1. What is the magnitude of the charge dipole of region 13-172 about its Cα centre, with +1 placed on the Cβ of each Lys and Arg, -1 on the Cβ of each Asp and Glu, and no other charges, expressed in debye to the nearest 20?
2. Between region 384-422 and region 58-105, what is the C-alpha centre distance in whole Å?
3. Put +1 on the Cβ of each Lys and Arg and -1 on the Cβ of each Asp and Glu in the chain; which of Ser28, Tyr550, Ile187 then has its Cα farthest toward the positive end of the dipole?
4. Tally Lys and Arg at +1 and Asp and Glu at -1 over the other residues with C-beta under 9 Å from the C-beta of Glu154: what net charge comes out?
5. Ignoring everything except DSSP H segments at least 4 long, calculate the 222 nm mean residue ellipticity for the chain; use -39,500 (n - 2.57) per segment, divide by total residues, nearest 500.
6. Mind pulling the angle between the C-alpha long axis of helix 382-404 and the longest principal axis of the chain? Nearest 10 degrees, somewhere in 0 to 90.
7. According to the square roots a ≥ b ≥ c of the eigenvalues of the Cα gyration tensor, what is the shape class of region 501-540, taking rounded for a/c under 1.5, prolate for a/b larger than b/c otherwise, and oblate for the remainder?
8. Return the whole-Å distance between the Cα centroid of region 151-200 and the Cα centroid of region 484-506.
Amino acid sequence: MAREKTLKRSEADEKYLWDLKPIFKSDSEWERHYLETKQRIRKMDSRKGTLSNSKALYETIREMLEEKQKVEKAVFYAKLKTDEDTALTKYQEMEQKAHKLGVDFASKISFFSPEVLRLSDAQIKTFYSETPELKQYKRFLEDVTRLRKHTLSEHEEKLLAESSKMASAAEDVFMLLDNADFKFGKIRDEKGKEAELTHSTYQLFLKSRDRKVREDAYRLLYSKYFEHKNTLGALVNASVNKYVFYSKARNYNDSIESALYPSEIDRSVYENLIESVNEALPVLHDYLKLRKKVLGLEEQRMWDISVPLAEEPKAEYSFEEAAETVKKALSPLGDDYISNAEKMWKERRIDILPTENKRGGAFSWAVYGTRPHILLNFEGTFNDVSTLAHEMGHAMHSHYSIKNQPPAYSDYTTFCAEITSMANEQLLAAHMLETADVDEKIFLLTHLMDNFRTGIFRQTQFSEFEKTTHSMVENDESLNAENLCRIYSELNSKYYGKDTVTDREISIEWARIPHFYWDFYVYTYATGIMSATIIADNVLKKGEGYAREYVENFLSAGSSKPPLEILQSVGIDLTSKKTMQKALETVQKTLGELEKLLGGKASSKA
């Protein structure tokens, strides 16, 4: 049930709020750290012109990584404080200062890549003999030389580094509009009481059994985006143009290559994903047709597709109950995994409750030298329990990578990021299905199907949208609110099929998706859930040996190897289309199990 009133942060029990003092004891300590780091990075370019010496190269890399850690720590704290209350200008200013610190750091070390690229492979090989400690940075240096043809002159690299603050304006403006300025108003809930519509309560309203509540929330939310459609269209256009500009500046063929090549992802993975999912759209259409029948709807609308086909296993969870459920579900991953997961809530590294002006949604984040932190907006639903399991996957991925890798390789790639979190969701569902009755199984299987719908089909729809919009800009075509709505509406019709109406409101959904400000990121959700499905199945069927292999070879790998190679170490080859097809067969199997349980059943209209 949605809260009638959003708590102020001062009204919330502190055990449900994260404690950031282990990062910095106070804002003034952060300020001292910021000023000291700012002073040191001013001198970073003093190493310019020295990298033809092996010892100097080693010392420069070591110093760069040390200062990078300090910059990231400043950004980490400032961002977490901003997210607590996005309306507080004090923390907005801190975050801006921290971001500028990152820009200054990037500018000061902009000499590094061009100077390394002036070294031949033979020279670098000789350096490893002259200064053996440099070998620990071999992959780090290979990442630089691999980008040789996409790295510019020192002056040009410095200009691009300094442009990043300006280039982030579209995303910054969108985040402020969406999280601080937009007030969606109130609707009447199931009991006829006024309830505030926010990003987090919206998801609850869409699951309401009262169809009028779902429709009212849906129409009210999207009306706000329509009010500002031209501004939002201009922001998306600016963001797409940013990435097209950078791809051209760095001599890539297009923005897709610009996004994938640095991450060592072959373009075929992206293309095969769209092709494979389009081939599997009949499965999604069959699921939506089943929903329409079971719910007894003459006409299925977009506000109907999230309502459960059965009641939740439990009406409302306390956070403590949720944490215990997640703990049991993830126990196949081993005692060490569970011990470290428990520390997340025992050490108050999770910000749990939704509070006034708090950033919506959920995330996990860590930087080297700190411990992982999770932001939630926990309302007590099963979906919130699943979100906790999801974000715990990210947190433990960060924990093991930071623990087992040096700073140069401690951060895992975007491509690998969603796999661990989605594997946890699969393990949670499998755990709960073990003791579920028929109605609970219907709910859980529906939940799995909705995860496949949102994680595979929806994210691939987003990926097609990105591919189309970037291609339009690259071909000098106009990209405005009208075109964005048209493109999105056409894709929605294709993905959701004839049994679900594509209405006017859904045509502007693009305007509320923050991921569209991060170029070609969303496809990793789809490839991630495909990989996660296979991993979770292996953990449950192969047992302790595979779980240990997963922790040691995947969670602990960071970026020490190419992401596709890391996946291959746990038996998953995403360069093969067969892998994607195998995961999509699981979707078909899950739908089949749901259809058997439902039979010819049709409920009263919901």
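Coordinate-derived values only; no laboratory data. Computed from a predicted structure; not experimentally measured. Glycine also receives a Cβ, built like all others from the backbone with ideal geometry; neighbour counts cover every protein chain displayed.
1. About 680 debye.
2. So the separation of the two Cα centres works out to 20 Å.
3. Ser28
4. After counting each charged neighbour, the total is -1.
5. -19000 deg cm²/dmol
6. Once rounded, one gets 20 degrees.
7. Working: a/c = 4.80, a/b = 2.04, b/c = 2.35.
In terms of gyration-tensor shape, oblate.
8. 24
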